[in-house]
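Take a look at the structure set out below.
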Amino acid sequence: MADNFVALMKQQQALLATAKKRQGLLPQQRTTRRELQQEYLTVQNGNHLIKQTFVGEAYEPSTAEIIELKPICIRELRLETHHTGRPLLVRVFCNAVRVTAVQTGIEDEHDHEPYYKATSNGGVIVGVDHPSDFVVLDECDTIVPLSLRPRVQAVEEDRSAEEVKKEGNVAVGLKQHRKALKLYSEAIALCGGEDEVLRRDLHRNRALTNHHIGQYEVAHSDAIAAVIPDVQTDDTRSMELNTKAYLHAGRASYNFGHFEDAARMFTEAIRMRTDNDVNIELARALDRLRESKTGLFIFLSDRFLGGLPPRLDCASFVKNTEVRSSPGRRKGLFAVKSFSAGDLILREKAFCSSLGSDNGQTTNMTINLNTQRMSVGTHASLHTKLVTQLQRNPNQASAYFELYDGTKSSSIPPASTANPPVDVFRVQSILELNAFGLRDAPPEPSSPSTKSPQKALRPANDSTATFLRASYMNPACHANAYRTVISDFLILRATRAIAMDEGLTIAYTRPDPASLDYGSTFSHWGFTCECVVCNAELHPKGSISHRRKVVKEADDFAASPANEASDKVTPTKAQPGFEPDVPKLGVTAIAAWLRRACMLDSTEPGKCIKLGTTALSSLGFLPSIVFKELVIDRTHCVVKDVVVDTAVYLSQLYEVVEGKDTMVSAQYAVWAEEMWEICKGSKRGFEQRYGA
Ligand SMILES: C[S@@+](CC[C@H](N)C(=O)[O-])C[C@H]1O[C@@H](n2cnc3c(N)ncnc32)[C@H](O)[C@@H]1O
């Protein structure tokens with residue numbers, strides 16, 4: 001699989017290099033209008049099993065008004081060149097089809113033969129990367145050259161705002177929401193300040209249409225503009241209309257997670273007219289508000305008896321954290337209160353998520369030719385979703401663009417207009433540095449087609465999401481917080497005691513002693529990790545090749561060579577960096593293996609306890625028993641699932657060991673459940689796996 005990707009990347013880079021050589025030239029071969037029309041007749045929409053997206057050289061979207069710029073025509077266009085500041089006015093003459101991008105044939109006023117940028121099949125196309133650089137004009141717009149306007153033009157009669165509104169309503173009936181939006185906006189402009197009743201009707205209708213399209217921010221402002229002021233209680237018609245307006249506003253707020261405003265709007269709606277449905281919506285908003293204030297969310301509630309849906313309708317709980325500047329690291333996430341080990345720090349709903357199950361059979365592949373990185377799976381579809389969401393909701397866009405984009409500056413580009421264009425390259429670079437894999441999401445149910453070669457390219461549990469708050473956490477290998485995922489929620493718990501104002505850290509990658517290349521793990525994020533764990537592991541005894549060999553030896557042979565292997569990877573006291581409380585990650589796999597092997601012929605529980613304790617200390621959990629009390633020093637702990645298994649076994653072992661220690665056994669059982677909650681986000685599932 002990896003070889004296929006490398007070959008594909010090389011092939012694309014070669015194509016790019018060939019194309020670059022022609023930069024600035026005029027294209028020689030051009031498809032004729034007829035050929036292109038023929039070609040588009042056979043291109044099918046959608047359902048391709050593999051979709052490839054290539055990220056090329058970045059450039060910024062245009063912020064100028066078209067009218068201020070000097071147009072360019074097709075025959076002046078040069079290959080592999082950004083014609084910045086030069087609008088191209090064209091007419092579409094083929095059906096538009098969605099392959100990876102939307103494609104169609106175009107012609108301009110001078111040139112009725114179409115055009116071009118080098119493509120993999122030797123043709124040429126005009127590419128528009130930023131959606132805001134693509135403007136759909138009305139065919140009779142004054143900016144459109146006469147020769148591109150329809151030959152027979154409808155005689156524009158003066159239409160009243162009421163007539164245009166009716167046309168808008170017809171478009172809504174036909175589910176042509178974009179057209180309806182345009183018509184309602186036109187009607188609002190025709191209304192001027194004269195007919196207030198009609199203007200409010202139009203805003204109310206437009207609020208609903210905006211909601212349909214996912215433009216929640218403008219849906220909210222339209223709904224508020226539709227509210228009739230100073231309504232008398234006996235004016236039932238106006239009260240009814242206001243109920244609708246407040247309902248639209250509440251739903252819009254709910255959708256972008258402003259639950260306080262949503263509850264206020266629903267309360268207003270009910271004040272105007274009691275309505276059972278609105279009561280339900282108000283109760284829902286109040287539930288979310290409570291969750292966001294208390295952090296209490298019952299994943300085991302009756303609501304989810306049939307299993308958790310892939311996206312959960314519940315609120316984020318982030319108030320115990322704050323984004324602050326972090327010297328040398330730009331920004332970071334900080335604790336605003338102290339936490340004990342195991343405490344819930346935050347629970348955050350994904351800002352935008354792309355689940356493997358959203359994409360059907362399609363495998364998406366993103367190939368970034370700048371960074372030479374390739375990702376397979378939901379990254380590409382997350383990019384498309386993000387661009388759409390950000391374009392539709394500019395306030396959300398500014399929060400997303402504050403995330404780290406790989407540049408050293410912490411400045412956010414100023415939003416020059418009310419609807420700032422969305423820079424797709426910046427969306428991509430932020431995504432590459434901040435997206436989280438939802439690894440704990442359940443795998444998709446397998447189907448017979450799972451065996452097809454294309455399907456095999458898709459990674460298991462392929463789901464990706466962005467989180468606006470959790471993204472600010474800087475990495476540490478011995479992190480003080482551990483993240484897990486339930487549906488599209490990220491849950492963060494303390495791995496040890498955290499003081500107020502301490503920076504919160506997570507492990508960006510889960511340490512795997514057999515493959516982790518200490519020190520260079522973070523090359524993708526642009527820095528070298530110099531934490532105590534990485535520094536200690538840089539010692540030759542910690543090198544990957546050495547460890548791989550040793551782990552393999554232990555797997556291949558029986559207990560006695562494994563014991564020798566354990567000695568080989570266990571650092572001696574003299575080795576610098578390996579102080580007793582520093583994790584010895586190379587030891588974990590062998591110690592856990594030996595503990596399991598020892599338990600199989602469990603005649604020596606004392607020895608098993610020793611091996612279990614070694615496995616825990618190799619991850620930085622140092623257990624000691626002080627007057628029958630289990631004390632675990634976790635100053636540099638590294639959380640891994642194996643901790644839970646080990647703690648459960650230790651609990652059982654203390655029950656059977658000579659001199660049986662029920663108290664220690666009980667304390668290990670409690671600790672195992674605490675660690676499970678850290679690893680899995682909630683206690684859900686612990687009992688099923690280990691029994692009560
Ligand atoms: C997902 S971001 C974390 C939040 C980020 N610090 C910010 O300002 O938004 C990851 C980036 O943080 C910076 N960073 C985190 N830990 C660092 C460290 N130990 N040394 C240097 N840079 C670090 C790197 O630039 C890295 O690419």
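Just so it is clear, none of the values below were taken in a lab; they were calculated from the coordinates. Everything numeric in this text was worked out from a predicted model, so none of it was measured. No Cβ is skipped: glycine too gets one built from the backbone with ideal geometry, and neighbour counts run over all protein chains shown.
From the square roots a ≥ b ≥ c of the eigenvalues of the alpha-carbon gyration tensor of the range 580-691, which class results: rounded (a/c under 1.5), prolate (a/b over b/c), or oblate? Intermediate values should be presented prior to the final figure.
Working: a/c = 1.25, a/b = 1.08, b/c = 1.15.
It is rounded, given that a/c, with a ≥ b ≥ c, falls under 1.5.
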When the chain is fully extended, how far beyond the present Cα-Cα distance does Met239 get from Ala96, taking 0.36 nm per residue of separation?
46.9 nm
Global geometry of the range 234-291, whether rounded, prolate or oblate, following the gyration tensor of its Cα atoms and the 1.5 cut on a/c:
prolate
Run the quick spin-label model on Ala7 and Asp358: label points 7 Å from Cα toward the beta carbon, then report their separation in nm to one decimal.
3.1
Cβ crowding within 10 Å averaged over residues, with 65-73, 485-493, 187-195 ranked highest first:
485-493, 187-195, 65-73
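On full extension of the chain, what length is gained from Glu629 through Glu260, given 0.36 nm per residue of separation minus the C-alpha to C-alpha distance? Intermediate values should be presented prior to the final figure.
On the way: separation 369, 0.36 × 369 = 132.84 nm, distance 4.56 nm.
That works out to 128.3 nm of additional length.
State to the nearest 20 debye the size of the charge dipole of the range 319-370 about its Cα centre, where the only charges are +1 on K and R beta carbons and -1 on D and E beta carbons.
Values: 8 positive and 4 negative charges, 69 e Å.
Dipole of the range 319-370, to the nearest 20 debye: 340 debye.
If each residue's Cβ is checked for other Cβ atoms within 10 Å, how do Cys534, Cys94 rank with the fewest at the top? Spell out each step's value before the answer.
Values: Cys534 24, Cys94 19.
So the ranking, lowest neighbour count to highest, is Cys94, Cys534.
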Of the listed pairs Lys337/Lys683; Lys21/Lys385; Lys10/Lys331; Lys610/Lys680; Lys175/Lys680; Lys568/Lys607, those with alpha carbons more than 31 Å apart are Lys21/Lys385; Lys10/Lys331; Lys175/Lys680
Projected label distance in nm at Arg273 and Asp158, using a 7 Å step from Cα toward the beta-carbon
3.6
Charge sum, other residues only, whose C-beta stays under 10 Å from Glu432's C-beta, Lys/Arg counted +1 and Asp/Glu -1:
0
Place the peptides 276-288, 607-619, 74-86 in order of packing, highest mean first, counting for every residue the other Cβ atoms within 10 Å and averaging per peptide.
607-619, 276-288, 74-86
Would you please give the FRET efficiency between Leu146 and Ser221, computed as 1/(1 + (r/R0)^6) with r the Cβ-Cβ distance and R0 = 41 Å, to the nearest 0.05?
0.60
Compute the length gained on full extension between Ile213 and Leu286: take 0.36 nm times their separation in residues and subtract their Cα-Cα distance, giving the result in nm to one decimal.
23.7 nm
At what distance in nm do the modelled label points of Met663 and Gln372 sit from each other, each positioned 7 Å from its Cα along Cα→Cβ?
6.1
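Please give the peptides 653-662, 249-258 ranked by average Cβ packing (other Cβ atoms within 10 Å per residue), highest first, as a rough proxy for protection.
Peptide ranking by packing, descending: 249-258, 653-662.
Given a Förster distance of 56 Å, report the FRET efficiency between Glu60 and Ala499 from their Cβ-Cβ distance, rounded to the nearest 0.05. Walk me through the numbers before you get to the answer.
Working: r = 42 Å, r/R0 = 0.76.
So the FRET efficiency works out to roughly 0.85.
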